[in-house]
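Here is the structure we will look at.
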Amino acid sequence: MIVSWKWLSQYVDLEMDYEDLVDRLTMSGLNHEGTEEIEGDQAIDLEVTSNRPDCLGHIGVAREIAVLYQLPLQLPQVDPPVTGADVSQSCQVEIECPELCYRYTARLVRNVQVGPSPDWLVDRLKVIGVASVNNVVDATNFVMFETGQPLHAFDFSKVSDGKIRVREPSKDEQMEAIDHRKYSLLPGMCVIADTASPLAIGGVMGGAESEVSESTTDVLIEAAHFNPLSVRNTARTLNLHSPSSFRFERSIDPEQLDSASLRCAEIILQIAGGELAPGVVQAGQPAEPPSPITLRTAELERILGIPIPNEFVLRTLTDLGLEITGQADGTVTAIPPSWRHDLTREIDLVEEVGRIYGYDKVPDTAQVPMVASHLPKRDRVLERVRNVLMGAGFDEALTASFVPEPWSAAISPWTDQPALISTQPMLGVLEKASQNIGAVDRIRRSLIPSLLEARRINEYRSNTNIELFETAKVYLPLGEQEIPDQPTMVSLVSGRDFFEVKAILLQVVSRLNPNLTVELVPLDHPLLDTNLAVELWVGEDKLGLVGQVSDGGKQQFRLRSAAVVAECKLDLLESLAVLVPLHHNQSPFPPISRDFNFVVDEGVRWSELESTVRQAAGELLENVEYRETFRDQEKDGDGKKRVLLSVTLRSPSETLTGEMADQVSRGIVSGCQEKLAAALLV
Amino acid sequence: MSLQQFIEQLDELAQSARQSFMGAGDSEELESARVEYLGAKNGRLKTVQKQLGSIERDDKPLAGKKLNEVKQEIQSSFDEASERLVSGPARTERDLRIDATLPGPSQNIGRLHPITQTIDELRDIMGRLGFSPAEGPEIEDDWHNFKALNIPDIHPARDPLDNFYLATAKNTAPALGDNPLLMRTQTSTVQIRVMEKRQPPIRIISLGRVYRPDTADATHFPMFHQMEGLMVDRGVNLSDLKTVIKLFATSYLGDEVPVRVRPSFFPFTEPSVEADYYWNGKWVEFGGAGVVDPNVLAAVGYDPDEVSGFAFGLGVERLCMIRYQITDIRYLYTNDVRFLRQF
């Protein structure tokens, strides 16, 4: 809301310093956004919050100033002369949609001379950024920016039969507005019509047909109270936003219709001549009077933290326009004015008194009791995961939670349910090269597609070392209307070798719980390479997956070089994490190592071999390490391979002898032979 | 000769012998130093030794003992010096074939995203003020995102165009039942979830992603991060809020800063305020705050006459962008590694 310094001076004596004024307005709720000097006046831009439509007119702002500076508020006295036949003889109003229009009033000024506005009026409007149209239209705008009540002037000769019908549009009805564009009118909108056709869209914009022009002689002045929600929806649907709809959306002062209309008539008489018909035609119900509110004055200190003198409370409420109707032991009862819809509860009065008293008087040195805070396990787990990944050279990425449908369909490791769809897509979040992929409206079930896109962007920009991880939620639909499961994932995309990435992921796991046994299960997925993709399982729970992106996957995500992806369920890791491991004594005795070179079938997996060795080795086993694989077709025949591994043995209680180690070794050899038909090469 | 003089002579000898041995640059120099001090005929030690005869008889045992000690000391100085020459002769010239300024094989260390770094710092500061992190779902229902936060059905914030309401694939019309699902528009939802489960005193922060359908440009992104703080107890008031904000700003900016609150409007707080801090000669917006609206307390089953509280929220991106002077919010979500590695 832009207010003019000179205009404000009409209602309150602005004897104070300008800087002081804008500062106090800021500190009492009208944030000063800036000031521009126009035509020797100050155009002061104040931010009016949506609960304070009373400050969308100069009088409302002047009232705030009057309250803050303890100055009298001078309201215009309105008493225009009337002439001729009563308005009711020429005009009728009927409201057919009382839920859209609560009240409608009409006044008639006959024989006006439409023409340019006088300089004072042109200047007033210019300072606040409103262009002059003609004297009648300017008068309606002036009163709107003075009182906050939007008004509309019709060329009365265009109102068929002198009858105003306030109604919903009929089917396929259209209207040409004063911007000379045609608008389709829809159910739920409020139309001001005559007996023949729509004249205006109530509270939003007038029609071209009944617009006041040079040829107009009789003017009908509309002052109405429209349903705020309906005005908002209409303005939004038609994309027609006006100062008028802005005010109706926030609701107006229902008690002010008549005085605003009279004020407008008076100004028209002054600047366009004519005669005001006696009386006013009204339809609809007057608004319910505001209810009294009781303020327990002790609440002021309980909520604001400082006591406020009773005298100040009474004076402030009165100055703000409330009527004090009762005072008892520690309470004040008051009826709010009709222009303050925001005052309905005790807490509203606490806020009013507080903001006028000044929040700057509330100390910022309270003794807030000290309490312990704690970091949830989730945060600690995340910190460790991030540290391991950073140490392994991964940069953290943040990607949008929405993806286009083809990416959503590319992989969904955690659910078979289709992704949730947003009724609105995210706009402007895709790089140019990806914009043809589709609307970004799927709520993602995996972070992998987003990370692949991040990798593509980096490849395209010729960046090197594109090693990215993200920790974020995925969204797994449950039943209808049920809040989805939203587990957190830690996911990677890397240009490194599959085995390296898998090892890093297992390092993450082991950092959280070194004793966890993770089972690797081959994974068949079109996005991933047939041979280099595994799922990670802990008992009955799926922990995650690692895989090299298949050629098809590379093509889909337009990647140039090989990439490996991984995703791991952090929630499961969190539940398995041991953040405070217990110390156990290291054995003081030396270890003994033994190497084994087994010939096995190609089909034997390392994981099988390792677990067999572990089982066979028993308690003295400290470690099993994979060394190498060789193939010697001539010596071993087709479909065989040689796997070299080392075993470290150590006892917690004694120095192992060669004899003891040999015994374990024999067990390993026979175990591998029995279970995997492995032959030891000597 | 007095015992005193004899001992002083020996000490000086030990010291100068050590200096000569250690200063020797090669074995020839060392050998001539050895002859000078330890030479069997005319060595300086021998010379001093000859003076033993002129010592008082009663002092002789002591003088003899000292002579033996110094003899050993000089010998060990010589041994040390000769070992040093053998193990590594003092280098006098650099071998230019060895270039110590060559880079070593370096291990890349990844970086945390600047938003995460900002969040971690906010969380840590609030932790020191007694606020513990709390979490809630990002897909929320109407109750937690709006109703319980005192945002009525007709409030403009609920407009379908201003929210990401969700539909299941089967039901492509917006699932606008009694309690439709949507991407949360603010982290205040977590307030409700925590208060529904727990009784006061409460002192929490929630940090995370929120969503609003703005088209992405330099200053907007349809997904961003908020931090929200909530404190509820008996007798919590606006002064406590100002105090916590002041402490927070002082911690975050690393310096005592003036803080002000000015009236504003949010459905879930009353009185509602905007908090600003004074920095580099102007007031900078910190975030929205206020005393928790009694309707919110009532919605979670608290008695607003018994307990009160305050809440405040701020945009993480804004703080992050100001701090690192990032000029376009989209840089944060493009994940160009050259961007990420700057922080």
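The values are calculated or read from the model by the stated rules, or taken from the named source; none is laboratory data. Everything numeric in this text was worked out from a predicted model, so none of it was measured. Here Cβ is always computed from backbone atoms with ideal geometry, including for glycine, and neighbour counts include all displayed protein chains.
Results, tabulated for the structure shown:
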item: Hits in the range A:420-452 - residues which are more than 25 Å from A:P484 (Cα to Cα) and more than 8 Å from every other protein chain (Cβ to nearest Cβ); result: A:L430, A:K432, A:A433, A:S434, A:Q435, A:N436, A:I437
item: Failed condition for B:L166, given (1) at pLDDT below 90; (2) at the interface with chain A (Cβ under 7 Å from one of its Cβ atoms); result: (1)
item: Any chance A:L543 is touching a helix residue (DSSP H, G or I) at 6+ places or on another chain (Cβ under 8 Å), in the same structural domain as A:E500 (by TED's automatic domain parsing), within 30 Å of A:R445 (Cα to Cα) and in a strand (DSSP E or B); result: yes
item: Unique residue being at pLDDT 95 or above and within 37 Å of the chain's Cα centre (by Cα) when the list is A:L269, A:L314, A:L300, A:L262; result: A:L300
item: Those strands (runs of 3 or more DSSP E) lying entirely in the range B:189-293 with at least 3 residues more than 9 Å from chain A (Cβ to nearest Cβ) and of a type in the set (A, V, I, L, M); result: B:202-211, B:223-233, B:282-292
item: Odd one out for B:G104, checked against (1) away from chain A (no Cβ under 11 Å); (2) assigned to a loop (DSSP other than H, G, I, E, B); (3) in contact with a Lys or Arg (Cβ under 9 Å, 6 or more places away or on another chain); (4) not polar (S, T, N, Q); result: (3)
item: Residues within the range B:175-188 that are assigned to a strand (DSSP E or B) and surrounded by fewer than 19 Cβ atoms within 10 Å (Cβ to Cβ), tallied; result: 0
item: Residues that are touching a residue at least 40 places away in the same chain (Cβ under 8 Å) and within 14 Å of chain B (Cβ to nearest Cβ), drawn from the range A:189-246; result: A:F226, A:N227, A:S230, A:V231, A:N233, A:T234, A:T237, A:L238, A:S245, A:F246
item: Search result, residues across the range A:467-485 that are among the β-branched types (V, I, T), over 20 Å from A:I437 (Cβ atoms) and modelled with pLDDT of 95 or more; result: A:T471
item: Any hit, the range A:187-199, residues being of a type outside the set (S, T, N, Q), under 31 Å from the mean Cα position of the chain (by Cα) and surrounded by fewer than 19 Cβ atoms within 10 Å (Cβ to Cβ); result: yes
item: Residue list for the range A:159-173, filter: assigned to a helix (DSSP H, G or I) and in contact with a strand residue (DSSP E or B) (Cβ under 7 Å, 6 or more places away or on another chain); result: A:G162
item: Residue, surrounded by the most Cβ atoms within 10 Å (Cβ to Cβ), within the range B:287-343, restricted to residues that are closer than 30 Å to A:E467 by Cα and hydroxyl-bearing (S, T, Y); result: B:Y333
item: Condition check for A:A472: part of a strand (DSSP E or B), in contact (Cβ under 8 Å) with a residue 12 or more places away in the chain, within 11 Å of chain B (Cβ to nearest Cβ) and small (G, A, S); result: yes
item: Selection count, the range A:10-35, where residues are under 37 Å from the mean Cα position of the chain (by Cα) and loosely packed, with under 14 Cβ neighbours inside 10 Å; result: 6
item: Residues that are out of contact with any strand residue (DSSP E or B) (no Cβ under 7 Å at 6 or more places or on another chain), within 11 Å of chain A (Cβ to nearest Cβ) and closer than 21 Å to B:P152 by Cα, drawn from the range B:299-316; result: B:P304
item: Wholly within the range A:193-296, helices (runs of 4 or more DSSP H) carrying at least 1 residues that are out of contact with any strand residue (DSSP E or B) (no Cβ under 7 Å at 6 or more places or on another chain) and within 30 Å of B:A157 (Cβ to Cβ); result: A:228-238, A:243-250
item: Every pair of residues 6+ apart whose Cβ atoms lie under 9 Å, when the first sits in the range A:535-562 and is within 13 Å of A:R455 (Cβ to Cβ) while the second is hydroxyl-bearing (S, T, Y) and not in a helix (DSSP H, G or I); result: A:K554/A:S561
item: Residue match in the range A:248-258 (condition: crowded, with 23+ Cβ neighbours inside 10 Å and polar (S, T, N, Q)); result: no
item: Residue pairs meeting the criteria (Cβ under 8 Å; at least 6 apart or on separate chains; first in contact (Cβ under 8 Å) with a residue 24 or more places away in the chain and more than 15 Å from B:F268 (Cβ to Cβ), in the range B:229-249; second among the charged types (D, E, K, R) and in a helix (DSSP H, G or I)); result: B:G235/A:R302; B:N237/A:E301; B:N237/A:R302
item: Checklist (1) closer than 25 Å to B:P114 by Cα; (2) facing chain B (nearest Cβ under 10 Å) applied to A:S491, failing item; result: (2)
item: Failed criterion for A:G84 (all others in (1) touching a strand residue (DSSP E or B) at 6+ places or on another chain (Cβ under 7 Å); (2) at pLDDT 95 or above; (3) at positive phi hold); result: (2)
item: Condition met for A:V599 (outside the structural domain of A:I466 (by TED's automatic domain parsing), touching a residue at least 40 places away in the same chain (Cβ under 8 Å) and farther than 30 Å from A:D379 by Cα); result: yes
item: Residue list for the range A:475-484, restricted to those being more than 9 Å from every other protein chain (Cβ to nearest Cβ) and either within 21 Å of B:Y333 (Cα to Cα) or assigned to a strand (DSSP E or B) (or both); result: A:L476
item: Members of the range B:107-143 found to be part of a loop (DSSP other than H, G, I, E, B), touching a residue at least 60 places away in the same chain (Cβ under 8 Å) and on the phi < 0 side of the Ramachandran plot, listed by number; result: B:R111, B:L112, B:H113, B:L129, B:F131, B:E135, B:G136, B:E138
item: In the range A:379-419, the residues that are facing chain B (nearest Cβ under 7 Å) and part of a helix (DSSP H, G or I); result: A:D379, A:R386, A:L389, A:M390, A:G391
item: Criterion (farther than 21 Å from A:T415 by Cβ and part of a loop (DSSP other than H, G, I, E, B)) met by exactly one of A:V501, A:V509, A:V580; result: A:V580
item: Any hit, the range A:557-576, residues being within 30 Å of A:D379 (Cβ to Cβ) and more than 39 Å from the chain's Cα centre (by Cα); result: no
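Residue-wise test of (1) buried (at least 20 other Cβ atoms within 10 Å of the Cβ); (2) at pLDDT below 95; (3) closer than 28 Å to B:Q117 by Cα.
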residue: B:A148; (1), (2), (3): yes, yes, no
residue: B:I151; (1), (2), (3): yes, yes, no
residue: B:I154; (1), (2), (3): no, yes, no
residue: B:A157; (1), (2), (3): no, yes, no
residue: B:P160; (1), (2), (3): no, yes, no
residue: B:Q199; (1), (2), (3): no, no, no
residue: B:R203; (1), (2), (3): yes, no, yes
residue: B:L207; (1), (2), (3): yes, no, yes
residue: B:M227; (1), (2), (3): yes, no, yes
